[in-house]
Amino acid sequence: MRGEHAETAGCAVARSRAAAPSRVRAPRVRELLREERGAASLEFVAVGLVMLLPLIYLIVALGAIQAHSLGVEAAARHTARTIALADGTAAAGARADAVLTAVANQYGIDPGGLAVSVTCAPAGSTCPAAGATVLVTVRARVLLPLVPAVLGLDRIASVPVAATAAQKVSRFWTGAP
């Protein structure tokens, strides 16, 4: 009887445990905060943004510098060619100004911000002169993007670009001075 009673008592205990519904405990806030699931993806996104934003700024700034240097180079080249092919000195100046303004507008450069110097070689000749070489130097400053014009920061955060072009005037040039 003892054995039967023990078996019966064991079954009753087993039945009562099986019959009782199991309670699923809700996770506590502290346990959720200690959980690391999904942390790697959040860290990847945060570090990616921190590294990606300066890279995007660098690409935009270098693009602006490259665009201005191409514009300054085109302005110098076309201005030198225009002066060398002009009919006279008065026409050379007027045409050079028109070409300089057109090229600056095409490349998005402020025409008022360009510094242009025109010289001729040999040194004593007037521009243009038969057989002379016209040297045109164009300088500009590229303002970096997103730099405010406060306390002169726009002047400090600018990159100078310059280009020089040479064009030979025909030795048969007979333009009026």
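Derivation of every value follows stated rules applied to the coordinates shown; laboratory data play no part. Just so you know, these numbers come straight off a predicted model, no measurement behind them. When we count neighbours, we look across all protein chains shown, and the Cβ atoms used for this are built from the backbone with ideal geometry, even at glycine.
Between rounded, prolate and oblate, where does the range 57-168 land on the alpha carbon gyration tensor, with a ≥ b ≥ c its root eigenvalues, rounded for a/c under 1.5, else prolate if a/b exceeds b/c? Note, shape of the range 57-168 comes out prolate.
Round to the nearest 0.05 the FRET efficiency obtained for Ser41 and Gln106 when R0 = 41 Å and r is the Cβ-Cβ distance.
My answer for the efficiency is 0.35.
Placing a label point 7 Å from the Cα of Ser117 along the Cα-to-Cβ direction, the residues of the range 147-177 with a backbone N closer than 15 Å are 161-166.
With a Förster radius of 25 Å, plug the Cβ-Cβ distance of Ala157 and Ala90 into 1/(1 + (r/R0)^6) and report the FRET value to the nearest 0.05. Before the final figure, lay out the partial values.
Numbers: r = 40 Å, r/R0 = 1.61.
Working from the Cβ atoms, E equals 0.05.
For the pair Leu62 and Leu146 in one chain, pulling the backbone fully straight at 0.36 nm per residue adds 28.9 nm over the alpha carbon distance.
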